[in-house]
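Notes follow the structure.
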Amino acid sequence: PSDTSALVAEIDRLRRERNAVILAHSYQIPEIQDLADFVGDSLGLSRQAATTDAEVIVFCGVHFMAETAAILSPDKTVLLPDLEAGCSLAASITADQLRAWKAEHPGAVVVSYVNTTAEVKAESDYCCTSANAVDIVRSIPEDQEILFLPDLFLGEWVRRATGRDNIHLWLGECHVHAGIMAEDVERAREAHPDAELLVHPECACGSRCLLDLQAGRLDSRRTHVLSTEGMVRHAAASDAGSFLVATETGVLHRLRRLAPGKQFYPVREAAVCNYMKMITLEKVYRSLRDMVYPITVPPEIAERARVAIDRMIAVGR
Ligand code: 13P
Ligand code: SF4
C-alpha cells in the first residue's frame, strides 16, 4: 500500500484474518501506538501476552519483550517486525557472565530486570520491571544477599528505596536513560518551575532524585519516580497541569493522548531509543503478511525463565 491510511487498512484486514493482537510499548512511534490493541509498559505487556486469546502476537517493542511473550504464550506465534530491534541494557550481561557472578556469591538470590535475554532470565530467581522492582526486593528476606542486574541506576534506586545494603549491582545501563542527568533535570526545572517531575528509575538522575526527596530537598508531592505506566496513571490522576518527563520521549505521545488538557515537557529531547523506533507501519504490515519474524525460545530455557517471569507478573500493579 502506498499511503498511510491504505497501509493501516491492510494491517487491520490482516490482523483480523490472522486472529492477531498488536502489542506496543509506550516508546513506539505515534503511528504504532495509535494502531495497537494495547499500549503499555513491560509489566502490562507481559500480562497481556500471558492472557490474550489471539493466535498471533505482533510485538511492537524490542527483542527481549517478544521473547518474554513467547515464554508466556508458548502455543502462540510471536512476531517481532524487525529482528534488529535490540536493547543496549539487555546486551550488557550474558548468561556466562551471570553464571560467573553467581559463582562469586554462592547462595545469593538473583533479581533480573525484565530487560534481559531469556538465557539470563533462566539463570535468575526473580524477574522484575521498573513498576515492581522495589516490591519484589521487599518480598525477599532482609538478610538474604541479592544480585541485582543489569541496570546500575535502577539497582541504586532500589537499594535506596528499600534501605538495603546487601544488594550487589551489575554495572549495566541503558544508553538512553543513562544520558538523562541531574543537570538536565535542573535545566528543565528552571524552564518550567511549576511542573511536576516524573522520573523513570533507569535514568542516571533517578537515585539522586530519591536522595533529594529523602533529604527533603525535593518536594515529594511534586516529584515521582515511576515506570512508564506509572507516569501515565499519575498524570491522569494528578491535579497538576504540567509535567517534566524524564524517560524516552515516545511516552509523551501516550501522555498527551490520555491527558489532552495537560502540558508535558521532555527533560531531555535527545532521549530517543533507536531500537524502539525501528518498528514502522510498513514493517508491521510485512510482519502480518509474511508472518515474520517468529521469536521462539528453546523449551529448556523457557521453562526455567518462566519461573522468574511468573514471579514478576504476580507482584504489583
Ligand atoms: P518500563 O516500560 O517497564 O517502564 O521500562 C522502560 C524500558 O526502558 C523498556 O525498555
Ligand atoms: Fe533498552 Fe533503553 Fe531502549 Fe528501553 S530505552 S529498549 S532499556 S535501550
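At a glance:
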{"read-out": "Cβ-derived FRET efficiency at R0 45 Å, Glu55 paired with Thr4, nearest 0.05", "value": "0.95"}
{"read-out": "Length released on extending from Ala314 to Asp194, taking residue separation times 0.36 nm less the Cα-Cα span", "value": "39.5 nm"}
{"read-out": "Along the chain, longest interval not containing exposed GluC sites (Glu not before Pro), exposed being DSSP loop plus at most 12 other Cβ atoms within 10 Å", "value": "143-268"}
{"read-out": "Total formal charge among the other residues, if their Cβ is under 11 angstrom from that of His63, Lys/Arg +1 and Asp/Glu -1", "value": "-3"}
{"read-out": "Square roots of 5 times each gyration tensor eigenvalue, C-alpha, the stretch 90-169, largest first, Å", "value": "18, 14, 10"}
{"read-out": "Cα gyration tensor shape of the stretch 214-317, rounded if a/c is under 1.5, else prolate or oblate by comparing a/b with b/c", "value": "oblate"}
{"read-out": "Pair Arg221, Ala237: separation of 7 Å Cα→Cβ label points (nm)", "value": "1.6 nm"}
{"read-out": "Cα-based shape type of the stretch 159-209, given that a ≥ b ≥ c are square roots of the gyration tensor eigenvalues and the cut on a/c is 1.5", "value": "oblate"}
{"read-out": "Charge dipole magnitude, Cβ of K and R +1, D and E -1 - the stretch 177-266, Cα centre, debye nearest 20", "value": "280 debye"}
{"read-out": "Rg/Rg_globular for the chain, with Rg_globular taken as 2.2 N^0.38 Å and Rg from C-alpha atoms", "value": "0.99"}
{"read-out": "Point-to-point label distance, Arg286-Lys102, nm (Cα→Cβ direction, 7 Å offset)", "value": "3.8 nm"}
{"read-out": "DSSP-defined beta bridges in the chain - what % are antiparallel, rounded to 5", "value": "5 percent"}
{"read-out": "Local net charge near Arg289, Cβ-Cβ under 14 Å (Lys/Arg +1, Asp/Glu -1)", "value": "+1"}
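Computed from the coordinates by the stated procedures, all read-outs in this text should not be read as laboratory data. Every value quoted in this text rests on a predicted model; they were computed, and no experiment measured them. Note: ideal-geometry Cβ built from the backbone for every residue, glycine included; neighbour counts use all protein chains shown.
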